[in-house]
Amino acid sequence: MSRRLHPAVAGAQPFQLAERDPDAPLFGSEEGRERLEAILSRYPTRRAALLPLLGYAQELHGWISTGDMEEIAEVLELTPAYVWSVASFYTMYNKHPAGRHMIQVCTNISCHLNGAPRVLEEFLEQTGTVEGETTEDGRFTVLEAECLGACGFATAVQINDAYHENVTPEKVAEILASLDGPESS
Amino acid sequence: MAYPYRDDRETTTILSRHMGEPEARSLSGWLERGGYEALRKAVQMEPDEITEVVKESGLRGRGGAGFPTGMKWSFMPSEPSGPHYLCANADESEPGAFKDREIMRWTPHLLIEGCLIAARAIRAEHVYIYVRGEFFPVIRVLNQAVVEAYEAGYIGESVCDSGWGCDLTVHIGAGAYIAGEETGLMSSLMGGRAEPWMKPPFPAQRGVFGAPTTVNNVETLASVPGIVMNGSAWYRQWGSEKSPGTKMWCCSGNLTKPGNYELELGLPLGEIIHDVCGGPPEGRKVKAVLPGGSSTAFLTADELDCVTTYEGLQEAGSALGTASPIVLDETAEIVPAMRRIAQFYAHESCGQCVQCREGTAWITKILRRIEEGDGEPRDLDTLYDLCDQLTGRTICVLADSVVFPLRSSLDKFRHEYEALMRRSASVAT
Amino acid sequence: MTEGNDLINLIIDGIEIAVEPGTHVIDAAERAGVLIPRYCYHPGIPSRPAQCRVCLVEIEGQPKLQPSCKMTVTEGMVVHTASEEAEDARRAVIELLLVNHPLDCPICDAAGQCMLQDYALETEQLRSRLHEEKLVQGRDRIADDILYFADRCIICTRCVRFMSEVAGDETLIVAQRGDRNVIDTFPGRDLDHPFQGNIVDVCPVGALVHEDFLFKARFWDMDQTASICPGCSTGCNVTIDVKENQIVRVKPRHNPEVNSYWMCDHGRKHLVMSNRGERADVPLIRPDGRLVAADWSEALAWVADRLLEVTGGDAVVSPDSANESLFFLRELLDRLGIGGGSFRVPTGEEATLAGFPKLALRAERAPNTTGAELFGFARVDDPAPSPAGAGLIVLEDPLADHEPEWGGEAAFFLYVGGRLSSAARNAHAVLPVTGFAEMEGSFTNFEGRVQRFHQALRPPGLARPAWMVLSRLIAELDLRRGAETRTETPLEVGQAFAAMAVATPELGGFEWDSIGPKGARLVAAGDAVSADVA
């Protein structure tokens, strides 16, 4: 799926996707090298490419492994410890493999006022998980999220890179059914 | 991505005129709507001329602090000794605020145009749009627009064939509210933890990559093309002397018609809540409003006649903030709502300053204990004391942000706290 | 000498003081005798993140309290470090730190020298308002000999910044965010840096602990002695912590000319181990083929008598010996007409501290090679061949790597030392002397800085400082050679040093007391003479 990205947006690709290839090399492929060069060309320092590259690793693999961090550290001339320090600060980087559908339910104030806690409960109940846990078939991970910036459309739920708005407990079953089954990947 | 509600009254729209029109997202659609005319004009102007117009317009920063935009630009060195940078702050994460997302997802070219005009004014060679990582659908729209604008020569080596060049890069965050604080944003953009730093140095002296930098909010930048095109007097026909222009209002919480509304600054808050947003659903009554987002002080139903300008809301004891009123109606409970707000700030504290790192988390724990019926009256004294300790004592204002709603909730809704106190404790006092 | 208008005048807690421009308020206050509490600020670490907020002070004209570590002085500034608001803020910072800090002081290695305990006392934290459970994060190993107690950590980041800014090694970091912040390394990659032990010293609380010190001693049960690290020729200034006559810990002592606030890990380990093991603790003489114990006067008389019979010979010394000991040995050799003498220097890999490059673990792993050379001993690579038929005097070289029969052929073999290897047991007499931490004396470091060390331990048995033993031996010898008055012998180190300084032009007329805690540099021999003439 080689696609040449404009350098201006090469480091800004959605990285919470259902489709991913856990075995894809980061910089061993032509696409990876192109992406790296495109990103590096946009900043005066190599270090500034860190967040874009962490995003790229997650876009590819679905999460960020210690191996990914070591590889990124090497190309950016940073220590792996530094990369870990930064990666662990940001909540969107998955430090463990996540379900194919990462369901993030906003429970912040505006959604809270509109029944978000019940929406979260419903997701957990229907997937049979506790918060942060992945279903055994690897399909779902349900998380409580901080404000998703869709307060006028409460309750806001983000599933991978898509927003679902005005979600009520009644809509949960329908939303889950619309996501792919256990056999597809 | 339906655009749910519109203000049916006769109002002026600058920022939101094309929201809800999918065609406006493409370059061709944007050009049909008069897009990039302001940029064509700006590239023929001297940088200081642009700054002057914006200064005269009285435009104030829309990210929360309300600092005059033109003045901020004028802090940048007029004779560059190296690169200058513009950072567009699109890391919108303040609970209650969802305006920048709307601007970007409907009219990405408006932001791009504003960015380039601002870049010219501050002599920046590169613009970074720092977009909140969660906004994937928005990022796709924005990326598409940026590529189109590059290809059509609105960004790049010679902007609008003027010979003046400027680059623009979309940079995405990864889940950290504090990256929306300007020094936190720059720390993050440089590939670090989004930890704010103590000023000085100010960004205009030494910002991102050690170079003079201006950080402007998306809505601020989106307001610039209109001002440059039509002049400062045009912009000043709306709003007040100190708060000119129009503003996106993100209305949420218990409302019949929540959503984004572009309104002239200066309407009474009650009018926005009741006339524009239809008030709370099912005829319920308003109990409280956080008028400028979750980091502003609560106003009660009796205080809604205040005027929605920067100065008007300040006089009322709150703040305009991001103009994101969160409405709590009579069915809402203050303590759980306050706990949820505090929980957010505790989660988002970067953890550098002790007051913020420990204080926001402790406040959350105390509020949760009260919420669960295990509170004691003296907890309120502790909370008040923590309010004092978290005000003005840290590197950035994240700690202050939790104090505004907390202190006002204690002042104005003490009875709701007391009603939850442990029975034995209540009897004892 | 200093012109008044070069200085900035300010008032701190009512005390007028003038300091150089660019001085930070916290340092200016210290000079005025006001110690402002601090956690994240450390004078040896360049960055000032101003994040612990415990050094907030009131500065007149400023609307908010300001971090005194970050603010530089301005002319006419008026600072109040103990105003009601400043004290209130300080009290709150301590209370907030205690929200998640365990009250495990009884089993904490830092108890008694913990800056959280100290400030909790100062700010009178009499009663906790905390009803919540503390966050538990547990403990972690971050180096093969350093443990991290996350719950005690106050995230001042001194350790992280020492490693990145002073050691130049970005392997220790802050991970996570907010109150979940912890100090961490990359998974599976512990610290491995020759200067990493300093992170334990800069830790203001008990979060970072040397495993070999864990649960070893209470601070108040230890005696502290100023000393010099004998681990290499740098001569880092150190403090030796002793409990029950055992060295249990060594910490660097500030000397801006030598080691700043730091020392290497080799030095710590070397010093802690240096006094362990079996020791010679009684004079031994061999009047009839067998080494037998003697008291000092008997032993010295017997040795002096034997030395009179010796013509020519050789000496082997140690670069671990004090200047004073080496000096008196040279005096003795001169009287015996023995010239030369040699010493060997153990070597190892050099390691420099990037942020303070003057400080290195030097390849020469001995504290006093310069001193040994100053007193005319020659550096050699291999053990001296066993001399036959002549005199042999060995000072403090343990002879551990010599053949077991080494020295047995000498006409008279005098061993002045503290350890009895097989070769040392061939001596005709053994005069037991104190090791370096058991005595007072001085070393001359690689750049010619003469530095004093003090006695931290009780010496074993009858062991005495070598300078004392050798000077007595000289007196005995002189007596036998018809001296009219008994040669003066030093009773304490100041006298020994004085005798040495008089005879050594490079010591430029120094006195023991005038060297001072920072040491004094040797002068070129010619300069010293002219200085004396002047």
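The values are calculated or read from the model by the stated rules, or taken from the named source; none is laboratory data. Everything quoted here is computed from the prediction, not taken from an experiment. Here the Cβ positions follow ideal geometry from the backbone for every residue, glycine too, while neighbour counts run over all protein chains shown. Ligands, DNA and RNA are excluded from the accessible area calculation, which covers all protein heavy atoms including side chains. Shrake-Rupley method; radii C 1.70, N 1.55, O 1.52, S 1.80 Å.
Conditions tested, residue by residue: (1) closer than 25 Å to residue C:97 by Cβ; (2) modelled with pLDDT of 95 or more; (3) at the interface with chain B (Cβ under 10 Å from one of its Cβ atoms).
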site	(1), (2), (3)
C:26	yes, yes, no
C:32	no, yes, no
C:43	yes, yes, no
C:47	yes, yes, no
C:54	yes, yes, yes
C:74	no, yes, no
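In this structure, does residue C:126 turn out to be part of a loop (DSSP other than H, G, I, E, B) and either buried (at least 23 other Cβ atoms within 10 Å of the Cβ) or modelled with pLDDT under 95 (or both)? Considered against the rule, which asks whether it is part of a loop (DSSP other than H, G, I, E, B) and either buried (at least 23 other Cβ atoms within 10 Å of the Cβ) or modelled with pLDDT under 95 (or both), residue C:126 comes out as yes. Of everything in region C:185-204 that is facing another protein chain (nearest Cβ under 9 Å) and closer than 26 Å to residue C:352 by Cβ, the residue that is most open to solvent (accessible area, probe 1.4 Å) is C:189. Only one entry in C:309, C:373 is free of Cβ contacts under 8 Å to residues at least 12 places away in the same chain, surrounded by fewer than 20 Cβ atoms within 10 Å (Cβ to Cβ) and in contact with a strand residue (DSSP E or B) (Cβ under 9 Å, 6 or more places away or on another chain), namely C:373. When each of C:77, C:71 is tested for being of a type in the set (A, V, I, L, M, F, W, C) and more than 34 Å from the chain's Cα centre (by Cα), the lone residue that passes is C:77.
Hey, could you check region B:412-425 for residues that are assigned to a helix (DSSP H, G or I) and open to solvent by less than 50 Å² (accessible area, probe 1.4 Å) and say which is modelled with the lowest pLDDT? Filtering region B:412-425 for residues that are assigned to a helix (DSSP H, G or I) and open to solvent by less than 50 Å² (accessible area, probe 1.4 Å), the one modelled with the lowest pLDDT comes out as B:425. For region A:63-72, a tally of residues being surrounded by fewer than 20 Cβ atoms within 10 Å (Cβ to Cβ) and not β-branched (Val, Ile, Thr) returns 4. Taken together, A:28, A:32, A:67, A:55 contain a single residue that is within 9 Å of another protein chain (Cβ to nearest Cβ) and either over 16 Å from residue A:96 (Cα atoms) or outside any loop (DSSP other than H, G, I, E, B) (or both), which is A:55.
Residue-by-condition table, conditions (1) under 30 Å from residue A:33 (Cα atoms); (2) open to solvent by 50 Å² or more (accessible area, probe 1.4 Å):
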site: A:61; (1), (2): yes, no
site: A:81; (1), (2): yes, no
site: A:98; (1), (2): yes, no
site: A:102; (1), (2): yes, no
site: A:114; (1), (2): no, yes
site: A:118; (1), (2): no, yes
site: A:124; (1), (2): no, no
site: A:136; (1), (2): no, yes
site: A:165; (1), (2): no, no
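Can you find even one residue in region B:277-289 that is within 30 Å of residue A:106 (Cα to Cα), in a helix (DSSP H, G or I) and open to solvent by less than 40 Å² (accessible area, probe 1.4 Å)? Yes; the residues of region B:277-289 include at least one that is within 30 Å of residue A:106 (Cα to Cα), in a helix (DSSP H, G or I) and open to solvent by less than 40 Å² (accessible area, probe 1.4 Å). Can you name the residue in region B:382-396 that is surrounded by fewer than 18 Cβ atoms within 10 Å (Cβ to Cβ) and either touching a Leu at 6+ places or on another chain (Cβ under 8 Å) or closer than 22 Å to residue B:179 by Cβ (or both) and is also farthest from the other protein chains (Cβ to nearest Cβ) among such residues? By that ranking, first place goes to B:384. From the list B:94, B:46, B:32, B:102, the lone residue that is open to solvent by 10 Å² or more (accessible area, probe 1.4 Å) and either touching a residue at least 24 places away in the same chain (Cβ under 8 Å) or in contact with a Gly (Cβ under 7 Å, 6 or more places away or on another chain) (or both) is B:94. Select, from B:246, B:300, the only residue that is open to solvent by less than 10 Å² (accessible area, probe 1.4 Å), of a type in the set (Ser, Thr, Tyr) and not assigned by TED's automatic domain parsing to the domain that holds residue B:64. After ruling out the rest, the residue left standing is B:246. Against the conditions (1) under 20 Å from the mean Cα position of the chain (by Cα); (2) part of a helix (DSSP H, G or I); (3) within 14 Å of chain C (Cβ to nearest Cβ), residue A:74 satisfies every one except (1).
With the requirement that a residue be under 35 Å from the mean Cα position of the chain (by Cα) and open to solvent by less than 10 Å² (accessible area, probe 1.4 Å), what does region C:82-96 give you? Scanning region C:82-96 gives C:93, C:94. Condition test on residue B:79, is it closer than 26 Å to residue A:45 by Cα, charged (D, E, K, R) and either free of Cβ contacts under 8 Å to residues at least 40 places away in the same chain or open to solvent by 30 Å² or more (accessible area, probe 1.4 Å) (or both)? The answer is yes for residue B:79.
Across region B:157-174, which residue is nearest to the other protein chains (Cβ to nearest Cβ) among those that are without any contact (Cβ under 8 Å) to a residue 24 or more places away in the chain and part of a loop (DSSP other than H, G, I, E, B)? If we take residues in region B:157-174 being without any contact (Cβ under 8 Å) to a residue 24 or more places away in the chain and part of a loop (DSSP other than H, G, I, E, B), then B:157 is nearest to the other protein chains (Cβ to nearest Cβ). Select from region A:77-86 the residues that are more than 7 Å from every other protein chain (Cβ to nearest Cβ) and farther than 15 Å from residue C:188 by Cβ and list them in ascending order. Hits for region A:77-86 are A:77, A:78.
Residues of region C:449-499 that are open to solvent by 50 Å² or more (accessible area, probe 1.4 Å) and over 20 Å from residue C:513 (Cβ atoms): C:458, C:461, C:462, C:464, C:472, C:479, C:480, C:481, C:482, C:484, C:485, C:486. Only residues that are in contact with a Cys (Cβ under 9 Å, 6 or more places away or on another chain) and either surrounded by fewer than 24 Cβ atoms within 10 Å (Cβ to Cβ) or assigned to a helix (DSSP H, G or I) (or both) were counted in region B:139-156, giving 2.
Would it be correct to say that residue B:363 is at pLDDT 95 or above, within 12 Å of chain C (Cβ to nearest Cβ) and not in a helix (DSSP H, G or I)? No; evaluated as a whole, the condition is false for this residue.
All but one of (1) within 21 Å of the chain's Cα centre (by Cα); (2) more than 7 Å from every other protein chain (Cβ to nearest Cβ); (3) at positive phi hold for residue A:149; which doesn't? Condition (2) is where residue A:149 drops out.
Of all positions in region C:395-403, none carries a residue that is open to solvent by 30 Å² or more (accessible area, probe 1.4 Å), over 23 Å from the mean Cα position of the chain (by Cα), touching a residue at least 40 places away in the same chain (Cβ under 8 Å) and more than 26 Å from residue C:198 (Cα to Cα).
Contact annotation: residue pairs with Cβ atoms under 8 Å, 6 or more positions apart or on different chains, pairing a residue in region B:384-411 that is outside any loop (DSSP other than H, G, I, E, B) with a partner that is open to solvent by less than 30 Å² (accessible area, probe 1.4 Å) and charged (D, E, K, R), are B:398/B:348; B:399/B:393.
Per the listing B:368, B:357, B:422, B:378, the residue uniquely touching a Gly at 6+ places or on another chain (Cβ under 8 Å), within 14 Å of chain C (Cβ to nearest Cβ) and more than 30 Å from residue C:63 (Cβ to Cβ) is B:422.
Kindly establish whether residue C:207 is open to solvent by less than 20 Å² (accessible area, probe 1.4 Å), of a type in the set (Gly, Ala, Ser) and touching a Cys at 6+ places or on another chain (Cβ under 7 Å). Judged against the criteria, residue C:207 is a match.
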